[in-house]
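The values are calculated or read from the model by the stated rules, or taken from the named source; none is laboratory data. These numbers were taken from a predicted model, which means no experiment stands behind them. Methodologically, a virtual Cβ is constructed for each residue, glycine included, from the backbone with ideal geometry; neighbour enumeration extends over all protein chains shown.
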Amino acid sequence: MTNPTFDFNVFVDASKKALAPAIKFNEMATQGFERIARQQYAFAGELLEIAIKQMQLPAQVKDVNELAAKQVELTTQLVEKTTQRSQDLVKLATEQQAELTKWYDKAAADYAAIAKKAA
């Protein structure tokens, strides 16, 4: 009545190999989300600063012409920051897409090699 002992290490190793691509995908998705969230958080802070400056303007200017000039200046700053942030967002998306493409190609090649080996 001797039964071979079940080796849990083999099961654990097989599980790790099977889940490795999903874990890597999850890490990449989390990193991408974090990068975008941090960028958007910084942009929200910049928007808040400009909004505060706009609220303070009427108390700081002497006449309507100066108010209009300062409004144009703040709006120009806002447009520049928005343009820069949108370009940064496109860059982040492009980098994330490249990483995901590389991950997908590697995972597909690994699975193809396993399938070819099994056949």
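Quick rundown of the values:
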| quantity | calculated |
| --- | --- |
| Answer from LYS91, LYS70 - the residue that is in contact (Cβ under 8 Å) with a residue 12 or more places away in the chain, part of a helix (DSSP H, G or I) and among the charged types (D, E, K, R) | LYS70 |
| In the stretch 94-119, the residues that are part of a helix (DSSP H, G or I), hydrophobic (A, V, I, L, M, F, W, C) and either surrounded by fewer than 11 Cβ atoms within 10 Å (Cβ to Cβ) or touching a Phe, Trp or Tyr at 6+ places or on another chain (Cβ under 9 Å) (or both) | ALA98, LEU100, TRP103, ALA107, ALA109, ALA112, ALA113, ALA115, ALA118 |
| Selected residue (criterion: surrounded by the fewest Cβ atoms within 10 Å (Cβ to Cβ)) from residues of the stretch 1-56 that are modelled with pLDDT under 85 and among the aliphatic types (A, V, I, L, M) | MET1 |
| Test: residue in the stretch 59-70 that is farther than 30 Å from MET28 by Cα, of a type in the set (S, T, N, Q) and out of contact with any strand residue (DSSP E or B) (no Cβ under 7 Å at 6 or more places or on another chain) | yes |
